[in-house]
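The values are calculated or read from the model by the stated rules, or taken from the named source; none is laboratory data. Predicted model, so just to flag it, every value in this text is computed and none were measured. Every residue, glycine among them, receives a Cβ derived from its backbone with ideal geometry; neighbour counts consider all protein chains shown. These accessible areas exclude ligands, DNA and RNA; they are computed on the full protein's heavy atoms, side chains included. Shrake-Rupley method; radii C 1.70, N 1.55, O 1.52, S 1.80 Å.
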Amino acid sequence: MRQTNKAVASKARNHSRNRLAPAALLLAVAAVFGSGSAAAANQNSGFYVDPDSNPAVWVRDHASDSRASKIKTSIATKPMARWFGNWSGNIGSAVSRFVEAARAADKLPILVAYNITSRDCGSHSEGGAGSAEAYRTWISSFASGIGNSRAVVVIEPDALAQLKDCLSELKQTERLGLLSYAAREFKMRAPNATVYHDGGNAGWIAADEMARRLNSAGVGEIRGFALNVSNYKTTADSNAYGASVKAQLKSQFGYEKPFVVDTSRNGNGSNGEWCNPAGRKLGVVSRTATSGAEMLLWVKVPGDSDGPCGIAPNTPAGTFSPDIATRLIDGR
């Protein structure tokens, strides 16, 4: 998935559950965790650990590999998102199985919807639904798969940040309509899910422009927006950018929205490269936060390649690489 390093360029109705203050969100998440206290919501054990994540499967299949123990301890046993797209088969069933497994474990699952038409502008993670109608059907089934369960969902990484990179004006309008449709579907079909539109990263789109795109995509209908997905910007930089986007939403449209930050690979910050750069490091494991972002999440699966590039020149996007994983663990 492309995460460009472009320089920063020069009134919606809210569902009641989306008005939760950070303290109330902590209590809600704590309730899901079965903890009885907001403090326990800060523990990463409250989020669901996917037993079939790419790193977990690799560890099972390579138990004798000298790297397996390190990858199991530092990555495979940590809570992270599962990404769903055109590889997921029947999307309603796939989502439902994942959410039900998390509910049975009394944990909160993290999901990513990644199937927008013209996905990734034809770059390493190209693909997506073949038409607008196909996408509407797919995203409706995704939301229905969650149903009344609690979940954290990130909608379509890069879709807004790449809006003007490769789409005609007609297709830009179509994409905004599809993202607005997705927001409404989650609000209606998955009323207990905490849902975020993707808002790019701190080095990509100017805050005032991102606020306009988020508003046009219906962020007013959902919980908020996600930052730094699959990128490396520090949490401090992401928090500062998130605060600017919030301020722009308030000044331009009269409302604010909270945000979450992907910390899966931001332990050493960014070196200006986006595709499997060397020297990156794991960041803070998934948990709620008390300032800035309301949650710090492993959205990108650590060890999954960004594409055949950088330190993994022969590894396709989305494919797990034990070399990438161990480098992230060691920060090299």
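Defining a contact as two alpha carbons under 8 Å apart and six or more residues distant in sequence, what relative contact order in percent does segment 118-221 show? Reported relative contact order: 35 percent. Amide H contacts of Phe47: Leu108, each under 5 Å away and 5 or more positions distant or on a separate chain (H built 1.01 Å from N in the peptide plane; Pro and chain starts excluded). Among the listed pairs Lys164/Lys300; Lys187/Lys300; Lys70/Lys233; Lys233/Lys281; Lys187/Lys233; Lys187/Lys257, those with a Cα-Cα distance over 21 Å are Lys164/Lys300; Lys187/Lys300; Lys70/Lys233; Lys187/Lys233.
The share of accessible area on segment 96-180 that comes from carbon and sulfur is 47 percent, using a 1.4 angstrom probe. Between Asn201 and Asn228, the built amide H atoms are under 5 Å apart, and every one of these is 5 or more places off in sequence or on another chain.
Ranking Leu282, Leu328 by solvent-accessible area of protein heavy atoms (1.4 Å probe, all protein chains present), from largest to smallest, gives Leu282, Leu328.
If R0 equals 35 Å, the separation of the Cβ atoms of Asp52 and Cys166 corresponds to a calculated FRET efficiency of about 0.60. In segment 221-332, the portion of solvent-accessible area held by carbon and sulfur atoms comes to 47 percent [1.4 Å probe, whole percent, DNA, RNA and ligands not counted]. Across segment 112-120, computed HN-Hα scalar couplings (Karplus, 6.51 cos²θ - 1.76 cosθ + 1.60, θ = phi - 60°) run 10, 8, 9, 8, 4, 4, 6, 4, 6 Hz from first to last residue, x flagging Gly and Pro.
A cut-off of 5 Å between modelled amide H atoms, ignoring neighbours fewer than 5 places along the same chain, links Val195 with Val153, Arg223, Gly224. Candidate cross-link partners of Lys107 among the lysines, defined by an alpha-carbon separation under 18 Å and a same-chain spacing of 8 or more, comprise Lys78.
When each of the peptides 266-274, 230-238 is scored by how many other beta carbons lie within 10 Å of its residues on average, the order from highest to lowest is 230-238, 266-274.
Computed from phi, the 3J(HN,Hα) profile of segment 304-321 under the Karplus parametrisation 6.51, -1.76, 1.60 (θ = phi - 60°) reads 6, 6, 7, x, x, 6, x, 7, 9, x, 10, 10, x, 4, x, 8, 6, 10 Hz, with x in place of Gly and Pro. In the chain, the DSSP-assigned H stretches of four residues or longer account for a calculated mean residue ellipticity at 222 nm of -10500 deg cm²/dmol, using -39500 (n - 2.57) per stretch and the full residue count as denominator.
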